[in-house]
Amino acid sequence: MKISVIGTGAYGLAIALELAKKKNKISMWTESPKVYEEYKSTKKISSIFDIAIPSNISITPDMEKVLENTELVYIVTASKYVDSVCDKMKPFYNKSIPICIASKGIEESSEELLSNIVEKKLKTKYIAVISGPTFAIDIINDEPVALAIGSNSLKARSLVINTLANDHLKLRPTKDMIGIQLCGSVKNVIAIAAGIVSGLGYSDSTRSFLINESIHDIKDIIYYLGGNPKTILSFAGIGDLMLTCSSTKSRNFSFGYCIGSTKDAKKIKEYLVNNTVEGYYTLDTIYRMLKKKQIKIDLINVIYDIVYNNTDPETLIKFLITKK
């Protein structure tokens, strides 16, 4: 079958390589002339991963070509681009084709979950979301990994599981799309906090203290925003939280580490310029969402003040100790 993958970042490439293993025909969309030219001349995207791209994967900047005769679409861009990508897809997209969202985050300007953006823009009910403790390089290296898949559409859920699951990638289904997306988004914010704790020089014990406290707050956020609090126990919840909060492979963790270790505004800004830190943008969005709905989550407020208002990072430790 033909499958479209929108986005050619590290995670998009990892997803495409997995899909290609089942002899599907994969058409990837990129808006980067550099990526397209590199692929055309070398059949690689060495700037991301120095591995040969198999013949059943093609890359093009032509959205019409990517979506032509497709049977399934994966959206794997940074969350802030999902809205504009849907606009580009709209003239060529058939609303009966299922869409799987692998992007993590909340749309910044509208403060909407990505599934809501896709549904409104593309007028489709066939939507699934995937999220879990998986770094792109680990998927590519065939490490045993797992994802939660949230969907209310049997058609979308079945197609994603049939095309993506294999002997080293497990997918566990749920109907709680809200909870899956909130877990996948907020864990990036907590990863920044975990990096701050480590950057300040505190122990793994202190970082675990933070993670444990954050679990209760994420449960509350899921509940107040209409999801199932039990979703925190899924691969998208505790699984991804543990991974992202404990690895320097995580740009969110590394960004937080930069804040805690240097406290240097110039270096912190440079890190943001040179890296896509989803949690930085999600923090601002979730902070505004909660404030508008008059939902008080103190941990989010403390992290926001440190990241956006230059409050002393040690405030996070004081908060953890005094929190009731």
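The values are calculated or read from the model by the stated rules, or taken from the named source; none is laboratory data. Nothing here was measured: the structure is a model prediction, and the numbers come from that model. Positions of Cβ are generated from backbone atoms using ideal geometry, with glycine treated the same way; all protein chains shown enter the neighbour counts. Please note that ligands, DNA and RNA were not included when accessible areas were found on the heavy atoms of the full protein model with its side chains. Shrake-Rupley method; radii C 1.70, N 1.55, O 1.52, S 1.80 Å.
Residue-wise test of (1) surrounded by fewer than 18 Cβ atoms within 10 Å (Cβ to Cβ); (2) among the hydrophobic types (A, V, I, L, M, F, W, C).
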position	(1), (2)
Phe135	no, yes
Ile139	no, yes
Asp142	yes, no
Ser153	no, no
Ser158	yes, no
Ala165	yes, yes
Lys170	yes, no
Thr174	no, no
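Just to be sure before I move on: is Ser151 of a type outside the set (A, V, I, L, M, F, W, C), in contact with a Cys (Cβ under 9 Å, 6 or more places away or on another chain) and more than 30 Å from Leu19 (Cβ to Cβ) in the structure I sent? Reasoning before the result, please.
Details: of a type outside the set (A, V, I, L, M, F, W, C): yes; in contact with a Cys (Cβ under 9 Å, 6 or more places away or on another chain): yes; more than 30 Å from Leu19 (Cβ to Cβ): no.
Against the criterion (of a type outside the set (A, V, I, L, M, F, W, C), in contact with a Cys (Cβ under 9 Å, 6 or more places away or on another chain) and more than 30 Å from Leu19 (Cβ to Cβ)), Ser151 does not qualify.
Filtering segment 267-297 to residues that are part of a loop (DSSP other than H, G, I, E, B) and farther than 24 Å from Ile222 by Cα leaves Asn275, Thr276. Determine, yes or no, whether Thr282 is within 23 Å of the chain's Cα centre (by Cα) and open to solvent by less than 20 Å² (accessible area, probe 1.4 Å). In short, yes. The set of residues in segment 44-91 that are among the polar types (S, T, N, Q) and in contact (Cβ under 8 Å) with a residue 24 or more places away in the chain comprises Asn56, Ser58, Thr60, Asn69, Thr70, Thr77, Ser79. Among the residues of segment 307-324, count how many are without any contact (Cβ under 8 Å) to a residue 60 or more places away in the chain and surrounded by 11 or more Cβ atoms within 10 Å (Cβ to Cβ). Looking only at that region, the number is 7. The residues of segment 178-208 that are hydrophobic (A, V, I, L, M, F, W, C), surrounded by fewer than 24 Cβ atoms within 10 Å (Cβ to Cβ) and in contact with a helix residue (DSSP H, G or I) (Cβ under 6 Å, 6 or more places away or on another chain) amount to a single one, Leu200.
Within segment 83-96, being under 15 Å from Glu107 (Cβ atoms) and either polar (S, T, N, Q) or open to solvent by 50 Å² or more (accessible area, probe 1.4 Å) (or both) holds for Ser84, Asp87. Just wondering, is there one or more residues in segment 59-82 that are under 29 Å from Leu225 (Cβ atoms), open to solvent by 20 Å² or more (accessible area, probe 1.4 Å) and assigned to a helix (DSSP H, G or I)? Within segment 59-82 (the criterion being under 29 Å from Leu225 (Cβ atoms), open to solvent by 20 Å² or more (accessible area, probe 1.4 Å) and assigned to a helix (DSSP H, G or I)), the answer is yes, since at least one residue qualifies. Scan segment 238-274 for residues that are over 15 Å from the mean Cα position of the chain (by Cα) and crowded, with 21+ Cβ neighbours inside 10 Å and jot them down. Phe255, Gly256, Tyr257, Cys258, Ile259, Gly260 - these are the residues of segment 238-274 that are over 15 Å from the mean Cα position of the chain (by Cα) and crowded, with 21+ Cβ neighbours inside 10 Å.
From Ile300, Ile306, grab the single residue that is in a helix (DSSP H, G or I), modelled with pLDDT of 95 or more and over 27 Å from Tyr11 (Cβ atoms). Step through it out loud before you land on a result.
Details: Ile300 fails: over 27 Å from Tyr11 (Cβ atoms).
None of the other options fit; the residue is Ile306.
On the given criteria, is Tyr126 in contact with a Pro (Cβ under 6 Å, 6 or more places away or on another chain) and touching a residue at least 24 places away in the same chain (Cβ under 8 Å)? Against the criterion (in contact with a Pro (Cβ under 6 Å, 6 or more places away or on another chain) and touching a residue at least 24 places away in the same chain (Cβ under 8 Å)), Tyr126 qualifies. When the residues of segment 97-126 are filtered to those that are more than 21 Å from Ala148 (Cα to Cα) and small (Gly, Ala, Ser), the one that is most open to solvent (accessible area, probe 1.4 Å) is Ser109. Any idea which residue in segment 6-46 is farthest from the chain's Cα centre (by Cα), counting only those that are of a type in the set (S, T, N, Q) and under 15 Å from Ile140 (Cβ atoms)? Checked segment 6-46; the qualifying residue farthest from the chain's Cα centre (by Cα) is Ser46.
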